[in-house]
Amino acid sequence: MLSDIYEIKTIYSKVVVKDMDKILDDDLFNQKIKEIKNGYIVCWLDYVVLFGIVRDGGIKFHNNESPDFNRYLQKLRIFNEKEELYIWRSGNKFKFRYRKDEIDEGDEKIEYIDAKQIMYGNKFHVKDGFIEVYEDRGIRYFLPKEFIDNSLIEKLDKNENRLVLYTRNYIGYNEIGQAGFIDSRFLKISVI
């Protein structure tokens, strides 16, 4: 299982990149949320990191929080295993990148490596459709329960496992043929 996670593979991938003045007023942002339909969102705000669910083009956070993205957003990722919308603040504007991987031919054939990253938090509490993840040193966040397969939730309650973030890292080459990562997107969060 671990051997295939670091294997270089090739896929067709479509990318859209643009600048935005405001997030919520941007038609492309709202269109892409509706296209993604079902997935997850993570937002880094000036004061907190929020995880949420995207269902049928709508976003839901723990306690129905409704952050002011235009004012407090540092970056956000809306993702599922096939696509991701990534927005980040750059000065007084926002940058926008949408990437969708295709099984069939798309815009660009690109190499990639999938990776796993252990997430902070070794204590878990399931409540109101979310999992509270925390550590004694003060890290605390709420993750949608849908991230985790129901058969694995019981293991979390017993502190037997850790959460892991799966990422896809895209490889590009410079003018002298040197390889490096040129983009990265979230795929899913699960339990190991």
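Where the accessible area of the chain is counted over protein heavy atoms with a 1.4 Å probe, how much of it, in %, is carbon and sulfur? List each step's numbers first, then the result.
Values: 4940 of 10940 Å².
The computed percentage sits at 45.
Nearest 500 deg cm²/dmol is fine: what mean residue ellipticity at 222 nm does the chain get from its DSSP H runs of n ≥ 4 alone, each adding -39,500 (n - 2.57), divided by its residue count?
Numbers: 4 runs with 26 residues, N = 192.
Computed ellipticity for the chain at 222 nm equals -3000 deg cm²/dmol.
Could you rank Val133, Val126 by how accessible they are, 1.4 Å probe, largest area first?
Val126, Val133
To make sure I understand the rule: partners must be lysines, Cα under 28 Å from the Cα of Lys123, and not fewer than 8 residues away in the same chain. Which ones qualify?
Of all the lysines, those that pass the test against Lys123 - Cα under 28 Å, at least 8 places apart if same chain - are Lys60, Lys75, Lys145, Lys155, Lys158, Lys188.
Not counting ligands, DNA or RNA, and with a 1.4 Å probe, what is Tyr86's accessible surface area in Å² rounded to the nearest 10?
Here the residue's solvent-accessible area equals roughly 40 Å².
For Arg185, Arg89, Arg137, give the ranking by accessible area with the largest first, probe 1.4 Å. Before the final figure, lay out the partial values.
Values: Arg185 0, Arg89 85, Arg137 155 Å².
So, going from the largest accessible area down, we get Arg137, Arg89, Arg185.
What are the extents of the Cα atoms of segment 8-191 along their three principal axes, listed from largest to smallest and rounded to whole Å?
Projected onto its principal axes, the Cα set of segment 8-191 covers 50, 38, 31 Å.
To the nearest 10 Å², what's His62's accessible area with a 1.4 Å probe?
Ignoring ligands and nucleic acids, His62 comes out at about 30 Å².
Where does segment 47-134 land on the Kirkwood hydrodynamic radius, alpha-carbon pairs, in angstrom? Don't jump to the answer; show the numbers that get you there.
Values: mean 1/r = 0.0625 Å⁻¹.
For segment 47-134, inverting the mean 1/r across all distinct Cα pairs yields 16.0 Å.
Taking a 32 Å limit on the Cα-Cα distance, which of the listed pairs Lys93/Lys127; Lys18/Lys109; Lys95/Lys127; Lys9/Lys127; Lys22/Lys100 fall beyond it? Write out the running numbers ahead of the final one.
Values: Lys93/Lys127 37 Å; Lys18/Lys109 21 Å; Lys95/Lys127 35 Å; Lys9/Lys127 39 Å; Lys22/Lys100 23 Å.
Pairs exceeding 32 Å: Lys93/Lys127; Lys95/Lys127; Lys9/Lys127.
Skip the ligands, DNA and RNA, and give the accessible area per residue of the chain with a 1.4 Å probe, whole Å².
Working: 10940 Å² over 192 residues.
On a per-residue basis, the chain sits at 57 Å².
The values are calculated or read from the model by the stated rules, or taken from the named source; none is laboratory data. Keep in mind the model is a prediction, meaning the values are calculated, not measured. Surface areas here come from the heavy atoms of the whole protein model, side chains and all, with no ligands, DNA or RNA. Shrake-Rupley method; radii C 1.70, N 1.55, O 1.52, S 1.80 Å.
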